[in-house]
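**Q** Mind looking over this structure? Questions follow.
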Amino acid sequence: MTVPDCIFCKIVRGEVPSRPAISTERTYAFHDINPAAPVHVLVVPREHITDAAGVGPEHGGLLAEMMTTAASVAEAQDIAEKGYRLVFNVGRHALNSVPHLHMHVIGGHHLGWPPG
Ligand code: 5GP
Ligand code: ZN
């Protein structure tokens, strides 16, 4: 299922342009419009799930595909060896701004920790 007014559903449907990174059957990875690091890619499911708190046991295969897509992104962007960060933001305190599940793949330089 996709949601008509959801920005990431629109990106998945090709109605809003995006810079592709990796495309798989159930996932799509594209470059963040406002990158926080030299590599900043978003991995989304093609189906609409609101956020990580909305993931259930029925999404196990889809989540695994998101993880393998993220690993493929890291290989393709040449950050696999040096390392990178995978992030799901949930809710206001985490500054989640788009209500369609997305995993940030962030890397390309040394990342600080803890994040804040
Ligand atoms: P959140 O804060 O919800 O975890 O992350 C949402 C991310 O989506 C942000 O990093 C933001 O820059 C990115 N973003 C929001 N709208 C668009 C868009 O239309 N295109 C792309 N490529 N990225 C977007
Ligand atoms: Zn959506």
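The values are calculated or read from the model by the stated rules, or taken from the named source; none is laboratory data. Keep in mind it's a predicted model, so treat the numbers as computed, not measured. Cβ: placed from backbone, ideal geometry, glycine included. Neighbour counts: every protein chain shown. Note: accessible area is taken over every heavy atom of the protein model, side chains too, but ligands, DNA and RNA are not part of it. Shrake-Rupley method; radii C 1.70, N 1.55, O 1.52, S 1.80 Å.
**Q** Per residue of region 27-34, in order, report the coupling 6.51 cos²θ - 1.76 cosθ + 1.60 (Karplus, θ = phi - 60°) as ³J(HN,Hα) in whole Hz, putting x for Gly and Pro.
**A** Going residue by residue, I get 9, 9, 10, 9, 6, 5, 5, 10 Hz, with x marking Gly and Pro.
**Q** Hey, another quick one. Taking loop as defined by DSSP and a crowding limit of 11 other beta carbons within 10 Å, which trypsin sites (Lys or Arg not before Pro) in region 1-96 fit?
**A** When the trypsin sites (Lys or Arg not before Pro) of region 1-96 are filtered for loop state and at most 11 Cβ neighbours within 10 Å, LYS82, ARG92 remain.
**Q** If every alpha-carbon in the chain counts as one equal scatterer, what log10 I(q)/I(0) does Debye give at q = 0.14, 0.20, 0.22 1/Å?
**A** Cα-only, vacuum Debye calculation for the chain: -0.55, -1.15, -1.37.
**Q** Heavy atoms only, probe 1.4 angstrom, no DNA, RNA or ligands counted: give me GLU58, GLU65, GLU25, GLU15 ranked by accessible area, highest first.
**A** Final ranking, largest accessible area leading: GLU25, GLU58, GLU15, GLU65.
**Q** Keeping all protein chains in position, work out how much accessible area ASP51 exposes to a 1.4 Å probe, and write it in Å² to the nearest 10.
**A** ASP51 exposes around 30 Å² with every protein chain in place.
**Q** If N is the number of residues in region 39-92, what value comes out of its Cα radius of gyration divided by 2.2 N^0.38 Å?
**A** Its radius of gyration relative to the 2.2 N^0.38 Å reference: 1.22.
**Q** Running a GNM on the chain with Cα contacts under 10 Å, which residue among ALA52, ALA64, ALA80 ends up with the highest mean-square fluctuation?
**A** Largest GNM mean-square fluctuation: ALA64.
**Q** Can you compute 3J(HN,Hα) from phi for each residue in region 75-80, using the Karplus curve 6.51 cos²θ - 1.76 cosθ + 1.60 with θ = phi - 60°, rounded to whole Hz and x for Gly and Pro?
**A** Per residue, the Karplus-derived 3J(HN,Hα) values read 5, 5, 8, 6, 10, 4 Hz.
**Q** Compute the signed sum of charges (Lys and Arg +1, Asp and Glu -1) over the other residues within less than 11 Å, Cβ to Cβ, of THR27.
**A** Residues close to THR27 contribute a combined charge of -1.
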